[in-house]
Structures are given as structure tokens and as C-alpha cells.
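Structure first, then comments.
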């Protein structure tokens, strides 16, 4: 019996035929929808060669617009990640504190900022920086974007950390208490390192969200990130909106794929490292343990 058959009944001949038919119908409908979209784009002139050729023949599109926009996207995302990760971890651990004066304020902060749309926080941050600080208008959008992303994503990461720690067996905490470890030591040296592996997939998904949400600042705050470069490109290269959006979308896909691939590699290293730690005693089936009084150290005797 295969592992899959435990989860559900194996399909019979009729079910297999229906599945094949459904797959064929879906592929045909998908091909028709794609043909319809391409036909409309061709009628509007969006598939003309001159609209796509600048991305291949004119290097200024990349050096003047796309690469600087990509660097601004990476700058905002990197700053947000570097600040949000430790802040979220601290808030998550604070929510598990035994002291109400730590747990309640941390929970209030997390629930408050997690409930507000990140775009609204960017607007508020931009207005606050304009009114109460002397930050230059050239860099103010970057500050606003990073502030909104940090406040929102740190709150989400705090919940990820809290859920990851609570998913561990209670025996881990009991064993650590039995050897006299304090609550802070248990959290830092026992629970958090073990919870990292369980949290990694959710953390990676949140990091991808941070990279994509930088586009909100470009669309509405004037931050010159990758997506905002589409307006400038279409203004200088013949209203090639579809082509510009397609190229930018592909760049985002490649960027997020590299991020998830790197995170998967790190997760694999962490899992392999945990499996390889610790001492292992290999013994034959004929090996028995024998104690000599009054010593408590076991001696090995082979028959």
C-alpha cells in the first residue's frame, strides 16, 4: 500500500479518465484565454517590435532606469528586513513573557500595527516626517516606506515567532527548568534555536512580501523603486506600457526566486546541522553495559 493511498482512495479507471478530461479542457480553455489576450494586445499594437526592442538593443533602459530602480527596491527591502527581523523577534518573545507589564504592551503594539494597512502607515510616516522633522524631501519617501514596512512586518514576524515557539513540545521547557535555567536562558538557548527551523518557511514568505510591498512607496509616495520606473520608460520609449510592466514583473519573479532559493538552502543547512550534532554510540547487539560498585561510570564488556 502506498503512502498516498492512506490519505485518499486510489482513483479507478473512470476517475482517471475524468481527471484526464478535466486537464485537457482546462489546458484548452487556458490556451484560448491566452490567445484572446494576445490578439487584443496585437490589435492595440502592444506586440510591435519597437515597443520591446529597447530592452534588448538600448542599454540605457537598464543603466538609467531599471538597474537604479532595482537598487532602490533592494535598499528599501534590505533596511526593512534588517530592522523588522530583530524587532519582530523581540516582540514575539515579549508576548510570551510571564510579566504582564511586558506581555500586554507588546501584544497591544503587535495587534495595533498588524491591523493597519501598510500603505496607510507609509502615508502617516511620510506626513509625520514632513511636519515634525527636517528630513530632505529627496530621501523622505525612503524613510516613509521603510517605516511602514518595519511597523507592519515586525508585527507579523512577532506572531510567526510566537507561534513557532509555542509549537515546540512543553517537555523542552520542563527539561530546561529542571536543570535550573532561567526563563530568558530557556528562550534564547533552548526554544528559539529549535523554533527557527519551523519558522523559516513563514519568515521567507514574509520577506518576499517586504520586497513586493516596496512598490507601494513608488506608486503613491514618489519613491523611485523598480515599479515606478515603468512611468519613466513609457514616457521615453513610445508608450510601451505592457512591455515595461512585463520586464519589471520578470525581474521581480527572478528576485523573489533567488530569495526563496537562498532561504531554502539556509533551511537545509540548518536541518542538516541539527541532525549531525550530538555524540552517537555505535555498539553491537552482543554488547552489554555493566556497572562496578561503587563507581557510576558504565564499562563496556563484549561477549
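Nothing in this text is a laboratory measurement; each read-out follows from the coordinates by a stated rule. Note that the structure is predicted; figures quoted are calculated from it, not measured. Virtual Cβ from ideal backbone geometry, glycine too; neighbours counted across all protein chains shown.
Tell me, what is the FRET efficiency for residue 78 and residue 256 to the nearest 0.05, using R0 = 25 angstrom and their Cβ-Cβ distance as r?
E between residue 78 and residue 256, to the nearest 0.05, is 0.95.
Based on the Kirkwood radius over alpha-carbon pairs, what is the Stokes-Einstein translational diffusion coefficient of the chain at 25 °C with 0.890 mPa s viscosity, in µm²/s?
Answer, rounded: 100 µm²/s.
Using Cα-Cα distances under 8 Å and only pairs 6 or more residues apart, what relative contact order does the chain have, in percent?
On the way: 266 pairs, mean separation 59.3, N = 303.
Across the chain, relative contact order equals 20 percent.
Pull out the extension gain between residue 16 and residue 175, defined as 0.36 nm times the separation in residues minus the alpha carbon to alpha carbon distance; nm, one decimal.
Length gained, residue 16 through residue 175: 52.1 nm.
Hey, rough spin-label estimate for residue 101 and residue 67, points 7 angstrom out along Cα→Cβ, what's it come to in nanometres?
Here the answer is 5.6 nm between the modelled labels.
Quick one: if you take sqrt(5λ) for each eigenvalue of the C-alpha gyration tensor of the range 1-95, what semi-axes come out, biggest first, whole angstrom? Could you put the intermediate results ahead of the total?
Details: eigenvalues 354, 264, 23 Å².
The equivalent ellipsoid of the range 1-95 has semi-axes of 42, 36, 11 Å.
Would you mind calculating the relative contact order of the range 75-226 from Cα pairs under 8 angstrom and at least 6 residues apart, reporting the percent as a whole number?
31 percent
For the pair residue 24 and residue 205, what calculated FRET efficiency results from E = 1/(1 + (r/R0)^6), where r is the Cβ-Cβ distance and R0 = 35 Å, to the nearest 0.05?
Working: r = 33 Å, r/R0 = 0.94.
About 0.60, to the nearest 0.05.
How large is the Rg to Rh ratio of the range 140-264 when both quantities use alpha carbon positions and Rh follows Kirkwood? Kindly include the intermediate steps, with their values, before the conclusion.
Numbers: Rg = 20.7 Å, Rh = 17.4 Å.
Result: Rg/Rh = 1.19.
Just the C-alpha atoms of the range 75-226: what Rg/Rh do they give, with Rh taken as the Kirkwood radius? Show your work: numbers first, answer last.
Numbers: Rg = 17.6 Å, Rh = 16.6 Å.
Rg/Rh for the range 75-226 comes to 1.06.
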